[in-house]
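Colleague: Handing you a structure now.
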Amino acid sequence: MTEPARWRAGVMAAALIAGVGGYWLGYRGTGDASTPAVKDRKILYYYDPMVPLEHYDNPGALSSMGMKTQPKYAEEGGAPGEASGVTVNPAAMQNLGARVVVAQMGSLASTLNVTGSIDFNQRDVAVIQARSGGFVTRVYGHAPGDVIRAGAPIADMQLPEWGGAQTEFLSVNRLGRPDLTAAARQRLRLLGMSDAVISGIERSGRTNGAVTITSPISGVIQTLDARAGVTLAQGQTLAQVTGLGTVWLNAAVPEAQAGSVRIGQSASATLTAFPGETFNGRILAVLPTAQVDSRTLTVRIELANRGGRLRPGMFAQVSLGGTANTALLVPSEAVIRTGMRTLVMLATGNGRYQPAEVRAGREGGGQTEILEGLAVGEKVVASGQFLLDSEASLTGIEARKLGGAK
């Protein structure tokens, strides 16, 4: 081997020895430095990340998924009941667009906006019947759905029983016995004759078994059974008329907000048929049954119907007003409703976040009332909280129970 070749071989061997030695020293140094750190870390329990709710006491256990367990360290989230929460890098939270707000006392307006529809006032109904048996001799061209005024004729009837009673009255009246005349006049009233009809018979001295049946109120004809030639028994209904002076507005209030509604509360409605116009009224009743399919309660509001412009079936936007109340408030977007419970994600500081169970109340203006589970001044995540809640679920962190607020 030539001298240059021997020199190059020696340099390469020296470099190889130095590299191996450096690697060994580095490996040894790393092991010496890391071993105490690993030993100093507190192991809370052993678990399988695929089933984080299963906890084991030894590292050799197999989870229900058949996977070997691994240690869960205290700084990685903690055990249920003593967990400090999920740790997220502040830069990552900023990239997620997370926003933290403070729970504080505020005024929650009790105005509730719902939808409703116009209906007939079922308390303003006139049932027109035949006071005595007879038959219809004439009808006046009405049909169900027609709007009529008070005093409008419905049908002419011939009542044989009226003719007999009127003949008896005239005979008694000629006797000059005031007591018998008064009894005969009372009988005519009981048969449905008005004082004007009785006075006309007394003046003319002639019987009149024909009568025109009229509507006692203004409104819309709901049913009409009067037809020419039809024989009607005593008490049989000729027509039914529903008034239009007032109407009902049936508003659908969500079951969760039914507690904020009370009888006598003010209400206002707007309809697409009358843009820019508001109709005011008050809650007349809260019906005792809920709609199973929509989980809403029906709130009945009475509205004045000047000119009969409000027609049953019209759709309305309803605003149920009330006084504002002071409450502990958080943004509604910060509330996580799982169906089983209601949560918020607490920001506990140092990049840590912990779910907390709460009991929510009313909503309004983008704010939700917190009745239990949160204290004034605690910070909650108002956006991005669903990702944090998912991470907490995956790592087995339990939510703070109700009553755990400081």
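Colleague: In whole Å, what are the Cα extents of region 247-384 along the three principal axes, biggest one first?
Modeller: Sorted largest first, the three principal extents are 67, 32, 24 Å.
Colleague: I would also like to ask the following. Kindly sort Arg185, Arg177 by accessible area of their heavy atoms, largest first, with the probe set to 1.4 Å.
Modeller: From most exposed to least exposed: Arg177, Arg185.
Colleague: Further, regarding this structure: Loop only per DSSP, at most 15 neighbouring Cβ atoms within 10 Å: give me the chymotrypsin sites (Phe, Trp or Tyr not before Pro) in region 102-197, ordered by residue number.
Modeller: Values: sites: Phe120, Phe135, Tyr140, Trp162, Phe169; in loops: Tyr140.
Those that pass, being in a loop and sparsely packed, are Tyr140.
Colleague: Rank Lys401, Lys72 by accessible area, highest first, at a 1.4 Å probe radius?
Modeller: My answer, sorted largest first, is Lys401, Lys72.
Colleague: To the nearest 10 square angstrom, how much accessible area does Glu255 have with a 1.4 angstrom probe?
Modeller: About 90 Å², rounded to the nearest 10.
Colleague: Another question, if that's okay. Once you charge only the Cβ atoms, +1 for Lys and Arg and -1 for Asp and Glu, what is the size of the charge dipole of region 90-204 about its Cα centre, to the nearest 20 debye?
Modeller: Value, rounded to 20: 160 debye.
Colleague: Next question, about the same structure. Sorted by accessible area (1.4 Å probe), largest first, how do Met314, Met345 line up? Intermediate results must be reported in sequence, preceding the final value.
Modeller: Details: Met314 45, Met345 0 Å².
These residues rank, largest area first, as Met314, Met345.
Colleague: Semi-axes of region 197-245's equivalent ellipsoid from the Cα gyration tensor, sqrt of 5 times each eigenvalue, largest first, rounded to whole Å?
Modeller: 27, 16, 8
Colleague: Next question, about the same structure. If you split all Cα-Cα distances of region 188-304 into 10 Å bins from zero, what percentages do you get per bin, shortest first?
Modeller: 10, 24, 23, 16, 16, 9, 2, 0
The values are calculated or read from the model by the stated rules, or taken from the named source; none is laboratory data. Everything quoted here is computed from the prediction, not taken from an experiment. No Cβ is skipped: glycine too gets one built from the backbone with ideal geometry, and neighbour counts run over all protein chains shown. Only protein heavy atoms, including side chains, enter the accessible area calculation; ligands, DNA and RNA are left aside. Shrake-Rupley method; radii C 1.70, N 1.55, O 1.52, S 1.80 Å.
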